[in-house]
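Inspection log for the structure reproduced underneath, given as structure tokens.
The values are calculated or read from the model by the stated rules, or taken from the named source; none is laboratory data. None of these values were measured; they are calculated from a predicted model. Note that each Cβ is placed from the backbone with ideal geometry, even for glycine, and that neighbours are counted across all protein chains shown.
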Amino acid sequence: MLFGRRKRKPIVIPEKKVAEWKYTTCNYCSTGCSIEIGLDDTGKLVTSRGHAGADVNRGKLCIKGLLEHELFESPGRGTQPLMRDKFHEEFKPTDWDTAMDTTATKIKEIQDKYGRDSFAVVSTGQLLTEEFYTLGKLVRGQIGTNNYDGNTTLCMASAVSGYKRSFGADGAPGCYGDFEHTDCLMAFGSNLPEQHPIIYWRLKEAKEKRNFPLIVVDPRVTMLAQFADIHLPITPGTDCVLINSMLHVMFKEGLEDRAYLEAHCNNLEELEALVTQDKWAPEHAQKECGIDEDRIRTVARLYAKAGTAMSIWTMGINQSTHGSDGVANINNLNLCTGNIGKPGGTSLSITGQCNAMGTREWSSCSGLPGYRALENENDRDTIADFWKIDPEFFPKQRGLCQTDIFPAIETGEIKGLWLVATNPMTSMPNTPRIRKAMEKLEFLVVQDCYEDVETNQYSHVYFPASVWAEKEGCHTNTERRVNLIRNAMPAYADSKPDFWIFKEMAKRFTERNDIHFPETPEGAFEEMKELSKLPGNYGQQRNLDISGMSYDKIEAARGIQWPYREVDAEGNSTNGSKLKGQHDLKGDPRLYSDAIFPTPNGKANLILVDFVNNNEQPCDEYPFWLNSGRVVEHFHTRTRTGKIGNCNKFSPTPYMEMNPDAAEELGIKHQEYVRLTSRRGDAVVMVQLTQRVARNAVFIPFHFHDCVNRLTLGLLDPYSRQPAFKQCSARIEKIDQAEAARINAERRTF
Ligand code: SF4
């Protein structure tokens, strides 16, 4: 009982006086929630609400979505283009023509002097898909550098690589609706309640209606692990050992789906020979992965015997030196149990950024638009023909990934860089090294909504971009659902939509290739639709088919999943392939339901995953595992959420989760500041004592500038080039509390 309860003041929700609601899609995470933003009768945005008719979020939003309308006029927004000769000089305001002419001239000078690939472009997962397509057209078709990538290399590259190796193409085969059908769910390195709160709510609701075992694999007792039926606190970076051992149990006990494997998979004999080796027997594997033999057997049997079973994963798998292998091995688990393309049976990568999928599909970062590859002559010819340029203008293989571009700046191979909506000074591992690389650039252009983004310290030209609903276009979410952002507001001050910036920049490169650029995002969407209905390389259907969509249909459906094919009057697909077309406003919720994969023989590939432990390990000098991840209030480098009052108020400062036993040994108390040091650098953080982390492990949110990424390791996965953010070692030292508190207070001002 609470005394004085009757005296409490009633809660008053002030009336917002909304005159008009506009449809849009959240611009933070990949869940893809439909939002309506409310404008008052002066046209000012006053509130946001979840769209009750949207299948994804069914009226709900997390804290970030609920406060998203506050970011339009938040501090630090760029108001006009800026320029300076040297990065240590003061910026001078300029006009768009001058800023763009200067940028185009500098790009050409650098390319003429050092070669076309000496200028690099790094994009993001935050733009709208039509903007990605237009940037790709500009970079691949006109600027012509092969060193073009997105910051998605930091979060989703291993998922892309694993999907391509296993199934022949990117694209998540499942959907959120699978939670409502599955009989067993295994989550690897995924803390949904903080990362993707609305997906978590969908999972929780499905589990409450129809209980099924939830198994969570995570070294930390995350919120999702607390909610799990079985938590496997794995030794960091050893997920491949656990999965191989589970496969060992399945094959030894005859629990695999042999009929599915024989009919639809390559490399069965080879995989069986590998995983039945004695070293993967649970009694041996337990020593490497830290999960006891009995648990491994229990989980393997539970998963294999479930009517349908599904796996989800996030950065705990992807951000590793063997992230791509981890993804491929999760796919192995699902292929071996016949759990692909079934309701409740799937391999569902939970993507990070709102439009990470859109950049994967249409940006041309790792290839050419529509999941086409630079390495494939037919793909090069198709796009060159469509853009009306010489196919020889395209490189014949992919250039450097983002994580290789910065080392190439260090060595002088790359002299100029264009960063679009990404902030490597905070997001890259080993940021002291990135800072030195930025200082070496002859020319840097930063395009961002926020002038105070940390990386702008090093730019020569700054392009102020418009945010989210100041623009129009699409996102694709984790489950392949294309959703729409309607233009709700005019661009802030003299900022411009990214689409406009790319289109205008293209006019300055016409002497290389005079390509047609549509005037509107919808015009670009029409081009993407045309490209999406052309046949795939092996005669199979092209799954990434959006030809039946339109902006109006997408808004009416509150998002449509691809494939969604254009149909003729008889209801047949217009791409000539005898495929059924969709008549209503629903695309296909699942891929590979027919067990036909986009590989040369139409079968999925079982990938042989052996394990070499190349992680940085705790040692006498650096005795703690260092792990990083999200908090629910913030998104990525806090460029936006750090300016939103309530997000910042609930999560104002970097902190470090530390086990109380370990703290006692070092004489450290709750809420004291400590210095954490690794082989790369150091950071000062406030200690939060908790049993969530093991005695030899610590955890720090990754959102804060000059914090955990001063320490993280830049080792890369050999396939995806994604960094191993989550497995490195560090030591903890006591420091002067007064000085640390002063620095912390200084950094919290915004
Ligand atoms: S869950 Fe993701 S998409 Fe939904 S409101 Fe929150 S941040 Fe936006």
Please specify each residue of the range 108-137 satisfying the condition of being buried (at least 23 other Cβ atoms within 10 Å of the Cβ) and over 23 Å from the mean Cα position of the chain (by Cα).
Phe119
Any residue at all in the range 393-414 that's crowded, with 24+ Cβ neighbours inside 10 Å and either over 25 Å from the mean Cα position of the chain (by Cα) or among the small types (Gly, Ala, Ser) (or both)?
yes
If you take just the strands (runs of 3 or more DSSP E) that sit entirely in the range 655-708, which of them hold at least 3 residues that are touching a helix residue (DSSP H, G or I) at 6+ places or on another chain (Cβ under 9 Å)?
673-677, 682-689, 697-701
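From Gly162, Gly144, Gly150, grab the single residue that is buried (at least 24 other Cβ atoms within 10 Å of the Cβ), in contact (Cβ under 8 Å) with a residue 12 or more places away in the chain and within 23 Å of Phe517 (Cα to Cα). Spell out the reasoning first.
Details: Gly162 fails: within 23 Å of Phe517 (Cα to Cα); Gly144 fails: buried (at least 24 other Cβ atoms within 10 Å of the Cβ).
That would be Gly150, the only listed residue that is buried (at least 24 other Cβ atoms within 10 Å of the Cβ), in contact (Cβ under 8 Å) with a residue 12 or more places away in the chain and within 23 Å of Phe517 (Cα to Cα).
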Which pairs turn up if I take residues in the range 602-620 that are farther than 20 Å from Tyr163 by Cβ and look for partners that are in a loop (DSSP other than H, G, I, E, B) and among the aliphatic types (A, V, I, L, M) with beta carbon separation below 7 Å, at least 6 apart in sequence or on another chain?
Asn615/Ala724; Glu616/Leu713
Take the conditions more than 19 Å from Asp229 (Cβ to Cβ), at pLDDT 95 or above and assigned to a loop (DSSP other than H, G, I, E, B) and apply them to Gly326. Does it pass?
no
Residues that are within 27 Å of Pro598 (Cβ to Cβ), at least 1 per element: which helices (runs of 4 or more DSSP H) completely within the range 237-291 meet that?
239-252, 258-264, 268-275
Count - residues of the range 181-223 that are free of Cβ contacts under 8 Å to residues at least 60 places away in the same chain, out of contact with any Phe, Trp or Tyr (no Cβ under 7 Å at 6 or more places or on another chain), within 16 Å of the ligand (Cβ to nearest atom) and more than 13 Å from Arg630 (Cβ to Cβ):
2
For Phe87, are the conditions met, namely being more than 29 Å from the chain's Cα centre (by Cα) and over 24 Å from Gly32 (Cβ atoms)?
yes
Considering (1) buried (at least 19 other Cβ atoms within 10 Å of the Cβ); (2) within 30 Å of Ala506 (Cβ to Cβ), say which one Tyr303 fails and leave the rest.
(2)
Being closer than 30 Å to Gly602 by Cβ and either under 31 Å from the mean Cα position of the chain (by Cα) or in contact (Cβ under 8 Å) with a residue 60 or more places away in the chain (or both) is the filter here, so list the residues in the range 224-250 that pass it.
Asp239, Cys240, Ile243, Asn244, Met246, Leu247, Met250
For the range 493-517, give me the residue count where each residue is in a loop (DSSP other than H, G, I, E, B) and either without any contact (Cβ under 8 Å) to a residue 40 or more places away in the chain or in contact with a Gly (Cβ under 9 Å, 6 or more places away or on another chain) (or both).
12
Leading residue by the ranking (nearest to the chain's Cα centre (by Cα)) among those in the range 329-343 that are part of a helix (DSSP H, G or I) and aliphatic (A, V, I, L, M):
Ile330
Might you let me know whether the range 661-671 holds any residue that is at positive phi and over 26 Å from the mean Cα position of the chain (by Cα)?
yes
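Every residue, every condition in (1) in contact with a His (Cβ under 7 Å, 6 or more places away or on another chain); (2) closer than 30 Å to Ile199 by Cβ; (3) within 16 Å of the ligand (Cβ to nearest atom), yes or no:
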{"residue": "Leu39", "(1), (2), (3)": "no, yes, no"}
{"residue": "Thr47", "(1), (2), (3)": "yes, yes, yes"}
{"residue": "Leu61", "(1), (2), (3)": "no, yes, yes"}
{"residue": "Leu66", "(1), (2), (3)": "no, yes, yes"}
{"residue": "Glu89", "(1), (2), (3)": "no, no, no"}
Picking from Thr321, Thr346, Thr298, the residue that is of a type in the set (Ser, Thr, Tyr) and assigned to a helix (DSSP H, G or I) would be Thr298
Filter the range 469-492 for residues that are crowded, with 24+ Cβ neighbours inside 10 Å and among the charged types (D, E, K, R); the one that is nearest to Pro518 (Cα to Cα) is Lys471
Within the range 351-375, track down each residue that is within 20 Å of Arg721 (Cβ to Cβ) and in a loop (DSSP other than H, G, I, E, B).
Thr351, Gly352, Ser363, Ser364, Cys365, Ser366, Gly367, Tyr371, Ala373, Leu374, Glu375
Which numbered condition trips up Asn613, out of (1) at pLDDT below 95; (2) in contact with a helix residue (DSSP H, G or I) (Cβ under 8 Å, 6 or more places away or on another chain); (3) under 20 Å from His705 (Cα atoms)?
(3)
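Can you find a residue that is within 14 Å of the ligand (Cβ to nearest atom) and within 27 Å of Thr351 (Cβ to Cβ) anywhere in the range 70-86? Working first, answer last.
Taking the range 70-86 first, the residues within 14 Å of the ligand (Cβ to nearest atom) are 70-71.
Keeping just the survivors that are within 27 Å of Thr351 (Cβ to Cβ) gives 70-71.
Scanning the range 70-86 turns up at least one residue that is within 14 Å of the ligand (Cβ to nearest atom) and within 27 Å of Thr351 (Cβ to Cβ).
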Kindly indicate which of Ser466, Ser459 is without any contact (Cβ under 8 Å) to a residue 40 or more places away in the chain, assigned by TED's automatic domain parsing to the domain that holds Ser363, among the small types (Gly, Ala, Ser) and crowded, with 23+ Cβ neighbours inside 10 Å.
Ser466
